[in-house]
Each structure stands twice: as C-alpha cells, then as structure tokens.
Amino acid sequence: MALSRLDIALGQQGLDLPVAGEIGVLRADETQDYSALPADRLWLFNSFRPGFDALQARGYRVAAQPEGKFAAMMVHVTRSKAETLGLVASALSLCQAGGTVIVDGPRKDGIDSVLKHCRKFLEIDQVVVKNHGRMFWMTRPETLPDEILDWKCGLELSRNSDGFLTAPGMFSSAHIDAGSALLAEHFDDRLAGHIADLGAGWGWLSLQALEAGKDGITQIDLYEAEARALDAAKANISDERAQFFWSDVTKLTPAARYDAVICNPPFHQGRAATPSLGLEFITMARKLLKPGGSLWLVANRQLPYENTLAASFARLTPLAENAQFKVVLASKPIAGTTRPEQRTSRSVRRNR
Ligand SMILES: C[S@@+](CC[C@H](N)C(=O)[O-])C[C@H]1O[C@@H](n2cnc3c(N)ncnc32)[C@H](O)[C@@H]1O
C-alpha cells in the first residue's frame with residue numbers, strides 16, 4: 001500500500017511526536033489511517049455525526065469539540081479557508097508551548113494557501129508533498145501572534161447578510177439558500193402538529209415553518225449532523241416548540257411519529273456529489289411520517305429523486321420548478337419496503 005503523508009513525515013522526514021501527553025486531531029477524517037499515532041494518547045475530534053460514529057466504531061476515542069491541552073495537534077483542512085485558519089489557530093492554542101502542530105490536506109482544498117498564511121507568522125519545520133497534497137508542521141511558540149489568534153473568528157458565529165448567525169463551512173453560511181427560500185414560499189397552515197426538519201442546517205427552514213404554522217405546529221424537531229450548524233440553529237431559533245438533535249438522519253429510528261417533514265436534503269459529502277444520500281433522506285421521511293403525513297421537499301432540478309419519491313408516496317404534487325430547483329409535496333406515505341424500480345416514472349407523471 002502507498003505510504004501516506006503521515007507515514008512519510010514520521011519515517012523519512014523525522015517528524016518527532018512527543019513521548020508523553022495527549023495528541024489531538026481536528027476535523028478527524030474517517031477515511032484516514034491513524035494507526036501510526038499512539039492510540040492510547042489519541043483524541044479524534046469530529047463534529048459531523050456520520051464521521052464521529054464511523055471513527056468511534058473503529059475504536060478511537062472521539063469527541064465533537066476539543067477541550068484541554070495537548071502535546072501535539074493535527075488539523076485536516078476543510079474546503080472553507082476561513083474555517084481551516086480557525087482550526088489552525090485553535091490547534092495552536094490547544095497545543096502546549098514547544099509542542100508540534102501538523103496541518104494536512106489536498107491541494108484542491110487549498111493547503112498551499114494555508115501554508116503560505118502560516119509561513120507569514122510562524123517558522124515551518126518541514127513540508128511533505130505527496131498524493132496531490134501537503135503535510136507541514138510547526139513548533140508551537142510560547143506566545144502566539146495576534147494575527148493568528150484573529151483567525152479564530154473563522155470558527156465563531158457571526159451574522160450573515162440576511163441577519164442570521166452562521167459560521168464559515170456551514171451549508172449556505174453567507175445567505176439564505178435559494179432552494180430553501182423557494183420551498184418556504186409554499187409553507188402554509190397545512191404545516192401543523194409535530195414536524196421534523198431533516199438536515200436542518202443553521203435553522204432557517206424551521207424558522208419559516210414555525211412562522212407559517214404559527215397556530216398549528218406543536219413541536220418541530222431539527223435533525224442535523226453538523227454540531228456547529230446545530231449550535232447556530234439553537235442561536236437563531238428561540239421558539240420553545242423547537243427541539244434540536246445532533247443526528248445522522250440515515251440512522252434515525254424509523255417510527256411513524258410526524259405529521260409533516262420539511263427537507264432540503266444534502267447532495268454533497270465534502271466535495272463528492274452523493275445523490276444517494278438524498279434518496280436515503282426521502283426514504284427516512286416516509287418511515288417517519290404518520291399515514292396522513294406529508295413531505296415538503298426541495299431539490300436541485302437535475303437530482304434523480306422521482307423514482308424513490310414515487311415508490312415512497314402515493315400522491316406527489318409538484319409545487320414549483322425553476323431553472324435550478326424543484327419543490328414537491330409528497331403525501332400518503334406508502335408503508336412497507338417497495339423498491340424504487342417497482343414503480344415507474346409514469347407514477348410521478350400521473351400525479352402532476
Ligand atoms: C442542503 S443543506 C440544508 C440546510 C438547511 N435546511 C437550509 O435550508 O439551509 C443539508 C444539511 O444536511 C446536513 N446533513 C448532511 N448529511 C447529514 C446526515 N447524514 N444527517 C443529518 N444531516 C445531514 C448538512 O450538514 C446540511 O446542513
């Protein structure tokens with residue numbers, strides 16, 4: 001098997017890990033191999049529930065957020081530069097003076113630019129280039145430059161252009177998502193009773209539902225995999241009818257308990273497009289709904305959700321379609337395990 005950047009750093013490039021003290025990894029990644037690091041001193045931090053669960057299932061000690069002091073820290077870059085710089089500043093703050101902070105990532109996620117930023121204020125000990133990416137490390141100085149401490153704002157909540165609290169790296173952090181806005185235009189007083197928001201993000205869609213179902217909604221449960229986004233949703237929604245769940249929607253207990261589900265499902269995992277994840281959300285919505293319940297769904301127009309929708313719901317009512325999105329009201333969930341291919345796209349047309 002090809003050597004990883006971490007193997008090369010520890011072997012040929014002489015990266016020295018401390019012989020005592022805890023080692024932490026920020027944005028730990030379930031696809032990475034951490035066997036070169038001492039498991040009994042290793043803490044992996046991952047605030048995204050599927051990643052957290054996968055790492056825990058492999059026997060690692062995992063937490064959503066880092067706490068304490070570490071002898072060494074490693075950071076995996078994310079696609080958001082502001083978030084990554086925040087993570088680097090956080091790693092440097094959590095690492096004791098004289099300890100090592102390692103930063104790793106692919107070039108397509110901007111590791112070169114992160115290296116350039118770090119070089120401006122700190123001495124870089126070594127750089128490993130391998131597999132279209134880089135790993136570099138630096139020694140934590142006694143005092144951190146103010147410029148680096150300022151990077152921490154990349155992890156903090158602040159108001160976006162629409163006045164909601166979000167942070168870099170969250171879905172549509174800069175403004176309200178256009179797809180969600182199109183879906184919310186159709187919310188009305190049919191939203192009543194016990195509602196679920198699957199993949200609730202920083203909470204905007206739930207806020208609109210609470211407004212539309214002012215008198216009818218008794219409770220709205222926000223399910224979101226990213227703990228930081230869920231924290232933002234808690235900060236954005238003060239309505240007592242809202243309950244917040246840090247969950248992987250694909251792993252929920254499928255008991256029919258909701259009168260309605262609202263959903264703008266995820267279609268990306270990191271960089272990769274994953275339409276199958278949206279299909280799992282639709283299937284879970286069907287299982288979570290009471291027999292008379294409805295799914296209010298928005299999706300990018302080109303996503304192939306029709307067959308699964310037709311297999312899961314007896315009535316599909318298209319509510320809107322534009323160049324980018326489609327909005328569907330799916331009612332009468334079909335009990336049982338009908339597979340998508342057992343119903344044809346004719347079933348979708350029938351209900352238009
Ligand atoms: C397209 S965004 C919609 C966010 C929000 N509802 C809105 O309208 O702005 C989908 C959300 O699903 C979350 N997500 C991704 N995978 C998930 C999973 N397995 N379980 C729960 N949430 C997930 C993402 O973190 C993201 O916030």
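Each value in this text was obtained by applying a stated rule to the coordinates, not by laboratory testing. Since the structure is predicted, the reported quantities are computational estimates derived from the model, not experimental observations. Counting neighbours? That spans all protein chains shown, and the Cβs are built from the backbone with ideal geometry, glycine included.
Can you grab the distance from the C-alpha centre of region 139-214 to the C-alpha centre of region 38-109, Å, no decimals?
Region 139-214 and region 38-109 have Cα centres spaced 23 Å from each other.
Would you work out if the chain is rounded, prolate or oblate? Take a ≥ b ≥ c from the square roots of the eigenvalues of the alpha-carbon gyration tensor; rounded if a/c is under 1.5, else prolate when a/b is larger than b/c, oblate otherwise.
It comes out prolate by the Cα gyration axes.
What is the helix-to-structure angle for 275-288, meaning the angle in degrees between its Cα long axis and the longest Cα principal axis of the chain, kept from 0 to 90 and rounded to the nearest 10?
50
Counting GluC sites (Glu not before Pro) as exposed when in a DSSP loop with at most 15 other beta carbons within 10 Å, what is the longest stretch of the chain free of them?
So the longest stretch without any such site is 241-352.
Among the listed pairs Lys69/Lys152; Lys116/Lys152; Lys108/Lys130; Lys81/Lys326; Lys214/Lys251, give every one whose C-alpha distance is greater than 19 Å.
Lys81/Lys326; Lys214/Lys251
For Ile262, which sequence-distant residues (separation of 5 or more, or a different chain) have an amide H within less than 5 Å of its own amide H, given hydrogens modelled in the peptide plane?
Here Ala196, Asp197, Leu198, Trp296 satisfy the definition.
Classify region 5-154 from the C-alpha gyration tensor, please: rounded if a/c falls under 1.5, else prolate or oblate depending on whether a/b exceeds b/c.
Rounded, since a/c falls under 1.5.
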